[in-house]
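None of the figures in this text is laboratory data; all of them are computed from the coordinates on show. What you see is a predicted model; the values in this text were computed from it and never measured. Neighbour counts are summed over all protein chains in view; Cβ atoms, including those assigned to glycine, are modelled from backbone coordinates with ideal geometry.
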Amino acid sequence: MDRMYQRGPRRPLRADAERTVQAILTAAERVLSAQPAATMEQIAEAAGVARTTVHRRFATREALVEALTAWATQQFHQAVESARPDSTPPLVALYQVTANALRVKISWGFAMSRTAPENPEVARIHADVLGRCDRLFRRARDAGVLRADADLDWTRRVYYALIHEAAQSRTEPVGPDDADDVDELATRVVDTLLRGMGGPGTFAP
């Protein structure tokens, strides 16, 4: 995680320091989601650490928000990767990617709504996720999950918009007991997409 918010070569954080940083970022997401103008002091209080601890890790509020965005981007990448979109059957992968992406976008809504910082690692991750999505949609079209004449660029844009709207429909972070709710949202997103762009036989009449 350290490389996502530190510029230049740095030694890895110790385990306790890593936990402190994660606690600060988690608190920042929670506090800023409720109050976007919240101060570093309010974030420190929510994280249960001293204000000086936050300032020692993040020189400015902007640096903290950049780190938060980078951390959430990394979680999003891992969520997409864990669905194995390049090898899992396309329809299964589409549902799994959607559910995984929704979990991150709901839990890290403030961070995911920020403009991506000018960070090469973040840019690389966004490019990789885009490439995986494009490959998944090509596989889905080849398998007949999507129509043969589907415009894949447009399909991807619609898909992203559906995920955004689904995530916006939730106001609370995803907890351990919310798996069924997220799966239901994912099903709604994929079903809506495929009813518009699905190939013949994707849905029973």
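Compute the distance in nm between two label points, each set 7 Å from the Cα along the Cα-to-Cβ direction, one at Ser169 and one at Asp134.
3.0 nm
Express in nm, to one decimal, how much length is gained between Ala63 and Thr192 on full extension, taking 0.36 nm for each residue of separation and deducting their alpha carbon distance.
So the chain would gain 42.6 nm between Ala63 and Thr192.
Please name whichever of Thr20, Ala166, Leu91 sits farthest to the positive end of the charge dipole of segment 2-197, dipole taken about the Cα centre and charges placed at Cβ: Lys and Arg +1, Asp and Glu -1.
Result: Thr20, furthest along the dipole toward the positive end.
May I ask for the Rg/Rh ratio of segment 2-197, computed from Cα atoms with Rh as the Kirkwood radius, given to two decimals?
Result: Rg/Rh = 1.02.
Give the Kirkwood hydrodynamic radius (Å, one decimal) of segment 57-118, defined as one over the mean of 1/r across all pairs of different Cα atoms.
12.5 Å
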